[in-house]
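The values are calculated or read from the model by the stated rules, or taken from the named source; none is laboratory data. Note that the structure is predicted; figures quoted are calculated from it, not measured. Heads up, the Cβs are rebuilt from the backbone with ideal geometry, glycines too, and the neighbour counts pull from every protein chain shown. Side chains included, ligands, DNA and RNA excluded: accessible areas come from the protein's heavy atoms. Shrake-Rupley method; radii C 1.70, N 1.55, O 1.52, S 1.80 Å.
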Amino acid sequence: MCLVTSPELLPSIFAAYQAVLSHYGAAVASLIDSDEGTLNDKQMLCQIAACVYCEETVFPKLLGQMEKRLCCSLSEGPRLLRSAGDTATLVASAFAKRRGRALVAEVLEWPTASYAPARGSRKPVTEPSHRFVRLFRYLLDLTAQAAECVQKKWARRIACQVLSETVCAMTSADVNTAFWAVNNTLSEDSLHQLVLDMKFVQARAGSHGLSDTASSTLTGIVQAAAQQHVRVLRNAGAPDAPSSAQSVLHPDEWYQQLIQRFEAGSGGTPAKHATGGGSGNRPKAQ
């Protein structure tokens, strides 16, 4: 810093620091997103924490020291700091995508998840499927782990990203094809169980827990399930086959009442929001 003698040089010097962090972040994100990566949750969260620390602590302090040495305040200082704020987001996004893919396969078992009851039996719809309860237990534990490395706002943000990426991964091309191949004859009970699960995810995510894409994905799954059930009824030659997919769904209040009853019976654990308090055994989605 002793070489910095003019305010005009400061943006270039600062940009050099940013370039180093950006290169590091891109390398870490690539490693995390790779299926060949061997980093576990804790190691990946530490990488995110390092980037967050640089962006929120090191860079502001560095800029302040430079301005103090030059005895001036740069009008473009806020812009320089904002432009340095993308690396942690990049690394967190890579982590969320990798975890989302793993959770879909290993916790939700979505590609092969069958909603059909055993032959000749009925399975009344009373509560969300256990696989989705386990998903939120994982997110609660992930939030607690993240809070040991970064501020709570970042811990919640990371968990919400993981949830959104998990939902989006449920309808990736190969997964979506495999799921509907297994569930191509949805019964009435099966339909309502699937819809209840999607409503449960929405309720647990809270008002800010899902990306717009993930919210649209859940709505799309519900619509596809209803359409599938209508096709089943029509192919069976049912005389009272519904004319529209929407007509085979219960009112939203019906699903919400089941969710509220489940929440009350489980004592609120996990908490309503994906990143709230609570505890539970962490599924191994490594």
The stretch 115-160 - accessible surface per residue (Å², probe 1.4 Å) | 55
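FRET efficiency for ALA16 and CYS46, Cβ-Cβ distance as r, R0 = 22 Å, nearest 0.05? Could you put the intermediate results ahead of the total?
Numbers: r = 25 Å, r/R0 = 1.13.
The formula returns an efficiency of 0.30 here.
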With 5 Å bins from zero, work out the P(r) of the stretch 165-224 over every alpha carbon pair and list the percent per bin.
-> 4, 17, 29, 26, 16, 7, 1
Enumerate by residue number the trypsin sites (Lys or Arg not before Pro) in the stretch 87-195 meeting two conditions: DSSP loop (anything except H, G, I, E, B), and at most 11 other Cβ atoms within 10 Å of the site's Cβ.
-> ARG119, ARG122
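Using the eigenvalues of the Cα gyration tensor, what equivalent ellipsoid semi-axes result for the stretch 111-240 when each is taken as the square root of five times the eigenvalue, whole Å, largest first?
Ellipsoid semi-axes (Å, largest first): 32, 15, 12.
How do 235-248, 9-22 rank on mean C-beta neighbours within 10 Å, highest first? Each step should come with its number before you reach the end.
On the way: 235-248: 11.0, 9-22: 15.2.
Going from most to least packed, we get 9-22, 235-248.
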